[in-house]
Amino acid sequence: MPFRNIHGQDKAVELLSRNLKEKSFYSTYLFLGPDGVGKKLAAITFAKAINCVSSGEKPCTVCPSCRKIDSGNHPDVVLTEPKNRSNTIGISEIRKILQKAGLKAYEAGKKVFIIDGAHIMTPEAANAFLKTLEEPPRDTIFILIATSKELLLSTVVSRAVIIRFRSAPLAACEKVLSEKFNIDRKEARMLSVFSSGRIGRALEMREKDLIRKKNAALDALFGKNKPYSGSPKEDIEFLLSYLRDLFVYKATGRKDLIFNADRTGEIAVLKDRYSFDRIDELIQKVVTLESYMDHNVNPKIVFDVIKNSLAELTPFNPGPKG
């Protein structure tokens, strides 16, 4: 199976595999879905499979064509991503694509142009690209990767075949991480939760040592004599997951529902110390403070306020019930 490394996207893989089997391709594809679910990997795999010269399973990953695509050196397979400071894809990048699209293929049977972040094309770039989509060059395939079709010109969307990629159910994500990547089940569960079922994002988080950072952030926020030095938005998500665990465990008594499985002991202690109303009050306060950061409030100030709010709710010191 050519898409064996793309997990939890059975419908998308089925559609692309059918195109490969029938050797029937559309001129423009739109890979649509949240970040970290495998859209870019699927696009590159699809491009490799289309142009693989192996007589066996495609892509073989070892033929000259596959190796050139992997190294980014294939003259007929081009990946474009935002690189400028404004985090957009501008007219200059699109003009380079259109110039190459108008040329005859050097080596490949099909020229493939992958635009990762099509939803952040500038209006000028999108309009220039639209003209080419109206009359696409022969033997050329465009793969647009986007998080939302609403951020694209409707006329661009109407000319593309949409392939949807979705977050996997948490249980499915956990199973893939545990069985396919040999990740400890507790860690796999936490990664599934924090990535919202996005397997690629979960693996990226593991690579970035998420669990250690999570615990460091919680320790700092709970005042365990450790300075805060993390990512503001990410660390607030860590805290909200912890408070959510506290609320759910107090309501159900079920340890299997705790996301922060490595901190079950302290959550079990805290659940009897605080009322549902007090936990909910803390959650709402943290959510409100998080929104302040979207309005350019200094993250350090936000974290100082959160830390003070959590002073009573600490697993490291006894506190009042209430």
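On full extension, the segment bounded by Lys255 and Ser55 gains 66.8 nm, given 0.36 nm per residue less the C-alpha separation. In sequence order, the stretch 245-251 has phi-based couplings of 4, 4, 5, 5, 5, 5, 6 Hz under the Karplus curve 6.51 cos²θ - 1.76 cosθ + 1.60, θ = phi - 60°, and Gly or Pro positions carry x. Relative to the longest principal Cα axis of the chain, at what angle does helix 299-309 sit, 0 to 90 degrees, rounded to 10? It works out to around 30 degrees. The spacing between the stretch 252-278 and the stretch 113-128, judged by their C-alpha centroids, is 46 Å.
Explain nothing, just the number: relative contact order of the stretch 91-191, from Cα pairs under 8 Å at least 6 residues apart, as a whole percent.
26
With viscosity 1.306 mPa s and temperature 10 °C, the Kirkwood radius over alpha carbon pairs of the chain converts through Stokes-Einstein to a diffusion coefficient of 71 µm²/s.
Counting every pair of alpha carbons in the stretch 209-309, the share spaced more than 21 Å apart comes to 32 percent. Ranking of Ser275, Ser71, Ser309, Ser241 by neighbouring Cβ atoms within 10 Å, starting from the fewest: Ser71, Ser275, Ser309, Ser241. Can you give me the C-alpha center-to-center distance between the stretch 157-226 and the stretch 30-61, rounded to a whole angstrom? If you average the Cα positions of each part, the centres end up 23 Å apart. Panel order for Arg263, Arg278, by other beta carbons found within 10 Å of each beta carbon, from fewest to most: Arg278, Arg263. Assuming charge only on the beta carbon of Lys and Arg (+1) and of Asp and Glu (-1), the dipole of the stretch 128-284 about its Cα centre is about 220 debye to the nearest 20.
For the chain, a crude dipole built from +1 on the beta carbon of Lys and Arg and -1 on the beta carbon of Asp and Glu, taken about the Cα centre, is about 620 debye to the nearest 20. A straight chain from Asp277 to Ser291 at 0.36 nm per residue would run longer than the Cα-Cα distance by 2.9 nm. Sparse packing (at most 12 other Cβ atoms within 10 Å of the Cβ) combined with a DSSP loop state is found for the following GluC sites (Glu not before Pro) in the stretch 1-103: Glu57.
The trypsin sites (Lys or Arg not before Pro) found in the stretch 1-110 that occupy coil by DSSP, while having at most 12 further C-beta atoms within 10 Å, are Arg4, Lys23, Lys83, Arg85, Lys104.
If each DSSP helix of 4+ residues adds -39,500 (n - 2.57) and the sum is divided by the residues in the chain, what number results at 222 nm, nearest 500 deg cm²/dmol?
About -15000 deg cm²/dmol.
Between Val112 and Val77, Val78, Ile141, the built amide H atoms are under 5 Å apart, and every one of these is 5 or more places off in sequence or on another chain.
Straight-line reach from Lys186: taking Cα to Cα under 20 Å and skipping same-chain neighbours fewer than 8 places apart, the aspartates and glutamates in range are Glu174, Glu204, Glu207, Asp209, Asp219, Glu234, Asp235, Glu237, Asp245, Asp256, Asp262, Glu266.
3J(HN,Hα) along the stretch 214-222, derived from phi through the Karplus expression 6.51 cos²θ - 1.76 cosθ + 1.60 where θ = phi - 60°, amounts to 4, 5, 5, 5, 5, 4, 5, 5, 8 Hz, with x in place of Gly and Pro.
Couplings for the stretch 192-207, taken from phi via the Karplus curve 6.51 cos²θ - 1.76 cosθ + 1.60 with θ = phi - 60°, read 4, 5, 5, 9, 6, x, 8, 4, x, 5, 4, 5, 5, 5, 5, 4 Hz in order; Gly and Pro are left as x.
In terms of other Cβ atoms within 10 Å, Cys173, Cys66 run from fewest to most in the order Cys66, Cys173.
Rounded to the nearest 10 degrees, what's the angle between the helix 170-180 long axis and the longest principal axis of the chain, both from Cα atoms, 0 to 90? On a 0 to 90 degree scale, this one is about 70.
Distant-in-sequence amide contacts of Met121, defined by a placed amide H-H separation under 5 Å and a gap of 5 or more residues or a different chain, comprise Ile89.
Just so you know, all these numbers are worked out from the coordinates, no wet-lab data involved. Worth saying up front: this structure is predicted, and the values here are computed from it rather than measured. Cβ: placed from backbone, ideal geometry, glycine included. Neighbour counts: every protein chain shown.
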